[in-house]
Structures are given as structure tokens and as C-alpha cells.
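> Input: one structure, supplied below.
The numbers here are math on the coordinates, done by the rules we state, and not lab data. In this text the structure is predicted, and so the values were computed from the model without any measurement. Cβ coordinates were reconstructed from backbone atoms using ideal geometry, including for glycine residues, and neighbour counts include every protein chain displayed.
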Amino acid sequence: MTSTFDRKDGKLVLAHLLFAYGALLLGGICGLLQSLVKGGTITLPAGIGYYQLLTAHGVLMALVFTTFFIIGFLYSGLSKTLGGSLTGLSRKLGWAGFALMASGTVLGVVMVLLNKATVLYTFYAPLKASPYFYIALVLLVVGSWLGGYGAFAQYRAWKKTNRGKLSPLLAFMAVVTMLMWQIATLGVAATVLIQFIPWSFGWVDTINVLLSRTLFWYFGHPLVYFWLMPAYMSWYVIVPKIIGGKIYSDALARLAFILLLLFSIPVGFHHQLMEPGIAPFWKFLQVVLTFMVVVPSLITAFSLFATFELNGRARGSTGLFGWLKKLPWKDVRFFAPFMGMLVFIPAGAGGLINASNQMDAVVHNTMWVTGHFHLTVATSVALTFFGIGYWLIPVVTGRRLTARLNKIGILQVSLWCVGMLFMSGSMHGSGLLGDPRRTDYTTYNDSPQAVLWMPYHVAMAIGGIILFVSVIVLMFAVVGLLRAPRGEEEYPIGEVIDTAEKTPAMFERWGLWVGVSAALIVVAYTIPLIDIIGNGIGSPGYKLW
């Protein structure tokens with residue numbers, strides 16, 4: 001079965017996707033050079049700084065690539081499931097958001113390339129960048145807000161003409177994702193507008209460092225789920241259709257997303273377990289809430305593997321793992337996200353370690369954390385996004401995913417998995433040996449301890465090379481998809497299995513869930529923020545590059 005896609009909506013979606021791929025290419029170049037420097041293989045030319053590359057790599061990959069791709073994907077799902085096309089208001093908001101985000105990206109990258117913003121993607125104070133770097137962040141965030149408003153406008157318009165009906169699962173997930181993003185980005189918007197911009201312009205002399213970091217991590221951990229929730233959307237809704245199966249439970253999928261909305265925001269202190277100035281009780285409370293986020297992940301794992309097994313059984317599989325043989329391993333649309341699912345198992349286990357106070361004390365400032373980050377966003381999320389791109393680009397351009405392009409996709413995904421095995425695996429290993437993160441190449445005066453890290457750094461460089469080759473193959477595949485033969489590809493949206501329980505209507509009582517989310521945030525943050533504001537120490541700015 002094939003289906004057409006609205007051409008005007010397709011242009012909006014494609015603009016977001018192509019901008020995301022451009023950011024991925026530039027970020028990949030920075031990552032390659034960074035890994036080669038870290039491995040002691042090369043010395044950067046023309047006065048380019050290692051931390052300059054690290055900043056560009058983090059911003060382009062973690063903020064720009066993901067945000068553009070996610071909004072493009074969400075708009076495609078909203079267009080397809082809520083009426084067949086976007087409303088005029090939603091499309092205008094989408095283009096306005098794209099323009100703001102694109103201008104913010106260009107301004108921010110220029111500041112980094114001019115070496116005026118070498119503060120890493122976390123932009124921790126008291127390191128001070130050019131004020132225009134912070135203005136660039138504002139443009140990126142406000143642009144994403146407009147994208148969210150466009151999603152809400154589309155949902156509201158559909159609800160007006162479909163009163164009493166439950167919204168399609170993909171659209172529901174898109175709304176929850178953007179709702180969580182709107183709430184979470186309030187923290188980073190507050191610290192950038194109220195603290196960083198006045199401080200960087202010299203209007204105030206000092207900045208409350210602990211407050212700035214706390215507001216960043218109020219946003220920083222939900223950012224992880226902003227990456228993961230669209231991946232979950234693909235796993236829950238898209239993958240079942242691709243394998244020829246059905247969604248195990250609409251209700252469980254919606255419950256998982258509601259839980260992510262509630263528990264992904266008031267947990268930022270588990271990133272600050274090693275920081276002084278925050279009372280242990282509040283750290284403990286947010287660690288408990290962090291472990292609540294495990295629940296929707298376990299629901300997701302159960303639902304997905306139930307879908308796979310039921311599909312396999314329906315196709316005649318026998319034995320405990322016979323269903324594995326029935327999966328379409330040679331279809332990149334399935335292979336890429338499934339590999340992302342598998343990698344998320346060790347990635348999630350690493351997250352439990354990071355969120356545990358005693359164990360985090362061992363690994364907190366080591367390469368272990370960098371390796372964990374690369375398993376989550378750079379593997380589980382990135383692989384799923386790659387798989388989405390291989391079918392979404394043909395859908396919105398009226399092209400076909402040919403057998404040749406599918407094989408190229410399998411190669412590209414395989415290279416990415418191998419490269420990340422070298423890179424992330426080495427990061428975890430060297431981190432357990434005490435190798436610090438955020439550091440340029442150094443032997444620490446030939447310290448015996450540092451010598452033990454060097455083989456791991458070489459392995460990271462090998463992984464970086466393989467990953468960059470994968471990026472080049474991906475760019476080749478994207479060009480191929482844009483020039484593929486004309487045709488129509490189906491937008492793969494799964495149907496719910498007939499025996500599934502009925503979905504409760506209360507899942508779409510948005511006032512209830514926003515209220516509970518706000519209550520949890522108030523409990524988790526009010527008293528600590530009052531204390532931090534009242535007792536925080538101000539610091540002047542420093543430029544160490």
C-alpha cells in the first residue's frame with residue numbers, strides 16, 4: 001500500500017531534515033579531528049583549539065542535529081495522522097521556527113569558529129563566551145518553541161473537528177514530546193536571558209555559578225528524553241508496521257509517554273551529585289525521581305519485544321527465540337532502529353550507575369560519562385534517526401527507497417555500530433581506569449597511570465575514523481534518496497493488535513498531567529533554588545582559551 005504526502009508539508013519536513021544532516025556532517029568533521037587529537041595522532045593546524053572543536057561537536061550534534069531532525073519528524077507525523085496536511089497556522093509557525101533556529105545555529109557556529117565561545121555545549125559558568133553565542137542559543141530555543149506551538153495548533157484544530165475521539169497514537173506522542181520540551185527549556189531560557197546575556201555584555205560583574213548550572217540541568221536531563229521520545233515513537237508506531245506486525249498496546253505506549261512527561265524534568269540534580277551547595281536530601285529526592293524514569297523504559301522494552309514475539313509466532317516461529325528469525329534484518333528501516341534498541345540496554349544500565357550517588361562518585365568526571373553519552377544519543381537515538389531518514393525522505397519527496405540504497409543504508413548503519421563499539425567501549429574502559437573527560441591529549445608528564453589510558457585513546461581514534469566514514473556514506477545515501485526514481489513510499493504507521501485493552505480517555509486530560517508535572521517540579525526545585533539564589537557565590541567571567 002502506498003500513500004501520498006502533502007507537498008507543502010513535505011518541503012517543511014525536508015528543510016528540517018537536510019539542515020540536520022548538514023549539522024551532522026560538520027559535527028562529524030569536528031568529532032573526527034577531536035578523536036585523532038585525543039589519540040595523539042595529529043596536531044591541529046592554524047591555531048584551531050581542541051576545546052573549540054569539542055564545543056562545535058557538542059553543539060552541532062547534541063543540540064542542532066537532534067532538534068532539527070526531531071521537529072521535522074514530528075511535523076511529518078502530525079501532517080499524516082491529523083487530517084492529511086498541516087493547517088496554514090501550523091505551517092507558518094513551523095517555517096518561522098525553522099528560520100529562527102537556522103539563524104541561531106549559524107550565529108552560534110560562527111562564534112565558535114571565531115574562537116569566541118569555547119565553552120563546550122554545557123557552556124558552564126564562569127567560562128564566558130561572546131554574548132552573541134548566548135543570543136544564538138536564545139534563537140535556537142525560541143525557534144523550537146514556535147515549532148511546538150505549530151504542533152499544538154495542529155492538534156487543537158484536529159480536536160475541534162473530532163470531538164470525543166482519541167487522537168492517533170503518533171500525534172499524541174508528538175504532542176507529549178513538544179509539551180515536555182516547552183516545560184524543560186524554561187530553565188535554559190531563564191539562565192541564558194537573566195544570567196548569561198547580562199553578564200557576558202558586562203551589565204553585571206558576576207554570575208551565580210551554581211544557579212546557572214542548576215537551571216542548565218533542569219533542562220539538560222529532559223534534553224535526553226527529548227532525543228529519546230521521538231526514537232520511542234519510531235519503535236512503538238513505525239517499526240511494527242515495517243515488520244508486518246501490530247502495536248502490542250496503545251494504552252501502554254501512552255502511559256509510558258505520560259510517565260516520561262512527569263518524571264524526566266525534576267531529576268537534574270543527579271547530574272550535580274558531586275557539586276557542593278545542594279543539600280543531600282534534595283539530591284536524594286531527585287535520584288528517586290530519576291529511578292522512576294526507568295519504569296517507562298521497561299514498559300517500552302516489554303511492549304516492543306511483545307510485538308516482535310507475537311509477530312514471529314503469527315508467522316510460524318517456534319522456540320524461545322524463534323521470532324528473531326522472522327524479523328526483516330535486511331531492511332534498513334528496521335535494522336537501524338532495532339540496533340538502537342539493543343544498544344539502549346547497556347546505555348540504560350550505565351545511566352543507573354551515573355544516577356547512583358556512590359557509584360557516580362567513581363565515574364563522574366571520567367571518560368565513562370562521555371562513553372555513556374555516546375551510547376544514548378550518539379547510538380540509540382542516532383541509529384533510530386538514521387532508520388527514520390531512509391523511509392521519510394522518500395515519503396516527503398515522492399521517491400523510492402531502492403534495493404541499492406537499502407544496501408548502502410545497511411552498510412552505513414553497520415559502520416556506525418562498529419565505530420561506536422570502538423569509541424564508546426574505549427571511553428567506558430578508560431573511564432574506569434580514571435581517565436578524565438573534557439581533556440586534550442596529554443601524557444601527564446609520562447605518568448604511569450596515564451600510560452594505561454593511551455591504548456584506549458588510540459581505539460577511540462580508530463572508532464572516530466570509522467564513524468566519520470559512516471557519516472560520509474550517509475551523506476552519499478541522502479543524495480541518492482533525493483535523486484532516487486520517482487514513486488510513492490508508504491508512511492509506515494502501525495495498527496494496534498485486536499486484543500489490546502481499550503485506551504483510557506484520561507490520557508488526554510492535559511490539564512491534569514501538566515499540573516502533576518508542575519507539582520513535581522515545585523517540590524523538587526523550590527526550596528533548593530531559594531537557597532541557591534540566597535547563598536550562591538558570584539563569580540567574574542574567565543576566558544581560558
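> With the structure loaded, tell me whether THR118 is assigned to a helix (DSSP H, G or I) and among the hydroxyl-bearing types (Ser, Thr, Tyr) or whether it fails that test. Break it down stepwise before answering.
Values: assigned to a helix (DSSP H, G or I): no; among the hydroxyl-bearing types (Ser, Thr, Tyr): yes.
Against the criterion (assigned to a helix (DSSP H, G or I) and among the hydroxyl-bearing types (Ser, Thr, Tyr)), THR118 does not qualify.
> If you scan the range 1-34, which residues turn out to be of a type in the set (S, T, N, Q) and buried (at least 21 other Cβ atoms within 10 Å of the Cβ)?
The first filter runs over the range 1-34 and keeps only residues of a type in the set (S, T, N, Q), leaving 2-4, 34.
Answer for the range 1-34, where residues must be of a type in the set (S, T, N, Q) and buried (at least 21 other Cβ atoms within 10 Å of the Cβ): just GLN34.
> Looking at LEU255, LEU298, LEU259, LEU273, can you tell me which residue is outside any helix (DSSP H, G or I), among the hydrophobic types (A, V, I, L, M, F, W, C), surrounded by fewer than 23 Cβ atoms within 10 Å (Cβ to Cβ) and out of contact with any Ser or Thr (no Cβ under 8 Å at 6 or more places or on another chain)?
When all the criteria are applied, what remains is LEU273.
> Which residue, of LEU54, LEU44, LEU14, is of a type in the set (A, V, I, L, M, F, W, C), within 30 Å of SER85 (Cα to Cα) and touching a helix residue (DSSP H, G or I) at 6+ places or on another chain (Cβ under 7 Å)? Before the answer, list the steps.
Values: LEU54 fails: within 30 Å of SER85 (Cα to Cα); LEU44 fails: within 30 Å of SER85 (Cα to Cα).
It is LEU14.
> Return yes or no: is GLU488 surrounded by 13 or more Cβ atoms within 10 Å (Cβ to Cβ) and either hydroxyl-bearing (Ser, Thr, Tyr) or more than 30 Å from VAL343 (Cα to Cα) (or both)? It would help to see each step written out before you state the result.
Details: surrounded by 13 or more Cβ atoms within 10 Å (Cβ to Cβ): yes; either hydroxyl-bearing (Ser, Thr, Tyr) or more than 30 Å from VAL343 (Cα to Cα) (or both): yes.
The answer is yes for GLU488.
> Can you list the helices (runs of 4 or more DSSP H) lying wholly within the range 1-112 that have 1 or more residues being more than 19 Å from the chain's Cα centre (by Cα) and under 21 Å from MET233 (Cα atoms)? Lay out the reasoning, then the answer.
Details: elements: 7-38, 50-58, 66-81.
Where helices (runs of 4 or more DSSP H) fall fully within the range 1-112 and carry at least 1 residues being more than 19 Å from the chain's Cα centre (by Cα) and under 21 Å from MET233 (Cα atoms), they are 7-38, 66-81.
> OK, next. If a residue must be closer than 15 Å to ARG7 by Cβ and in contact with a Leu (Cβ under 8 Å, 6 or more places away or on another chain), how many such residues does the range 81-102 contain?
Looking only at that region, the number is 4.
> So which of GLY244, GLY220, GLY202 is surrounded by fewer than 23 Cβ atoms within 10 Å (Cβ to Cβ) and under 19 Å from the mean Cα position of the chain (by Cα)? First the steps, then the outcome.
On the way: GLY244 fails: under 19 Å from the mean Cα position of the chain (by Cα); GLY202 fails: under 19 Å from the mean Cα position of the chain (by Cα).
Testing whether each residue is surrounded by fewer than 23 Cβ atoms within 10 Å (Cβ to Cβ) and under 19 Å from the mean Cα position of the chain (by Cα) leaves just GLY220.
> Out of all the residues in the range 115-140, which are within 20 Å of the chain's Cα centre (by Cα), crowded, with 22+ Cβ neighbours inside 10 Å and in contact (Cβ under 8 Å) with a residue 40 or more places away in the chain?
Result: PHE123, LEU137, LEU140.
> Using the structure shown, decide if VAL514 is farther than 30 Å from LEU25 by Cβ, among the hydrophobic types (A, V, I, L, M, F, W, C) and either crowded, with 18+ Cβ neighbours inside 10 Å or touching a Pro at 6+ places or on another chain (Cβ under 8 Å) (or both).
no
> Still on this structure: Looking only at the range 49-74, count every residue that is buried (at least 22 other Cβ atoms within 10 Å of the Cβ) and either touching a strand residue (DSSP E or B) at 6+ places or on another chain (Cβ under 8 Å) or aromatic (Phe, Trp, Tyr) (or both) and tell me the total.
Residues flagged as buried (at least 22 other Cβ atoms within 10 Å of the Cβ) and either touching a strand residue (DSSP E or B) at 6+ places or on another chain (Cβ under 8 Å) or aromatic (Phe, Trp, Tyr) (or both) within the range 49-74 amount to 4.
> Another one. Does THR503 satisfy the condition of being surrounded by 15 or more Cβ atoms within 10 Å (Cβ to Cβ) and part of a loop (DSSP other than H, G, I, E, B)? Explain how you work it out, then say what you get.
Values: surrounded by 15 or more Cβ atoms within 10 Å (Cβ to Cβ): yes; part of a loop (DSSP other than H, G, I, E, B): yes.
So THR503 passes the test.
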